[in-house]
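The values are calculated or read from the model by the stated rules, or taken from the named source; none is laboratory data. For clarity, every value in this text was computed on a predicted model and none was experimentally measured. As a convention, Cβ positions derive from the backbone with ideal geometry for all residues, glycine included, and neighbour counts pool all protein chains shown.
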Amino acid sequence: MNILDELKNTYDLSDEDIEYALQKAKGILLGFAMEYKAIRVLENMEFKNVRYVDLPTHDLEAEKCGKKYYIEVKASSKSPTKEYTAHKLAMIAMLDGIHLTLVMKPSPHLFSTEEILSMPKKVLLNFFRYAYKGEVENLKMLLNNSKTREILLSYERIIKTYTSRYSEESLSIIESLF
């Protein structure tokens, strides 16, 4: 018995009830279906140990050539980076591996997330990576460039939110920014 028949029989639902529910849940169903399809797409791309995780930073995790990958699946026609907020970038920077974005429409295409970010979001992502890892020289380069410094100043609130996660070496340099 398929799931729709089971719902109809168990809860005495009509075809109209089911149609209404499907219409309301269409986006949710599409999202889950695309995530499931994404597993097969990644396996066809030679990724191993592909698994569904549904975390704030990514939907799937996989391995390839001994490296760990974190994959965000995008099923809509909207910009694939629209939902990469400053908070999400701060969390992505904490991951120990490579973050990818798998765009499913019109056909599956895999991108390095950093590659498709806008310049301000790239700067912020790299800032967080350097700050967490204590890459002082790279931080200094970001802060000494007037353009990237200006970008970072516009993210002051979010940068201050994550200060407890920065390495001690990074913290003293970051404090000079504000």
(request) Would you mind stating whether Leu177 is more than 16 Å from Met94 (Cβ to Cβ), in contact with a Leu (Cβ under 8 Å, 6 or more places away or on another chain) and either modelled with pLDDT of 95 or more or assigned to a loop (DSSP other than H, G, I, E, B) (or both)? (result) yes
(message) Among the listed residues Ile71, Ile39, identify the single one that is closer than 22 Å to Phe128 by Cα and β-branched (Val, Ile, Thr).
(response) Ile71
(request) Taking the options Lys82, Lys67, Lys78, name whichever one is in contact (Cβ under 8 Å) with a residue 24 or more places away in the chain, farther than 21 Å from Ser170 by Cα and of a type in the set (D, E, K, R). (result) Lys67
(request) Go through segment 132-156 and give me each residue that's over 13 Å from Phe178 (Cβ atoms), in a helix (DSSP H, G or I) and in contact with a helix residue (DSSP H, G or I) (Cβ under 7 Å, 6 or more places away or on another chain). (result) Tyr132, Val136, Asn138, Leu139, Lys140, Leu142, Thr148, Ile151
(request) Read through the list (1) in a loop (DSSP other than H, G, I, E, B); (2) in contact (Cβ under 8 Å) with a residue 40 or more places away in the chain, then give the number of the only condition that Asp96 fails. (result) (2)
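Out of Leu89, Leu95, Leu42, which single residue is surrounded by 10 or more Cβ atoms within 10 Å (Cβ to Cβ) and in contact with a helix residue (DSSP H, G or I) (Cβ under 6 Å, 6 or more places away or on another chain)?
Residue meeting the stated conditions: Leu89.
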(message) Regarding segment 136-155, can at least one residue be identified that is touching a residue at least 12 places away in the same chain (Cβ under 8 Å), surrounded by 18 or more Cβ atoms within 10 Å (Cβ to Cβ), under 16 Å from the mean Cα position of the chain (by Cα) and farther than 13 Å from Glu72 by Cβ?
(response) no
(message) Quick check on segment 47-59. Is at least one of its residues in contact with a strand residue (DSSP E or B) (Cβ under 9 Å, 6 or more places away or on another chain), surrounded by 13 or more Cβ atoms within 10 Å (Cβ to Cβ), aliphatic (A, V, I, L, M) and in contact (Cβ under 8 Å) with a residue 24 or more places away in the chain?
(response) no
(request) Take Ile159 and decide whether it is farther than 19 Å from Glu72 by Cβ, part of a helix (DSSP H, G or I) and more than 19 Å from the chain's Cα centre (by Cα). (result) no
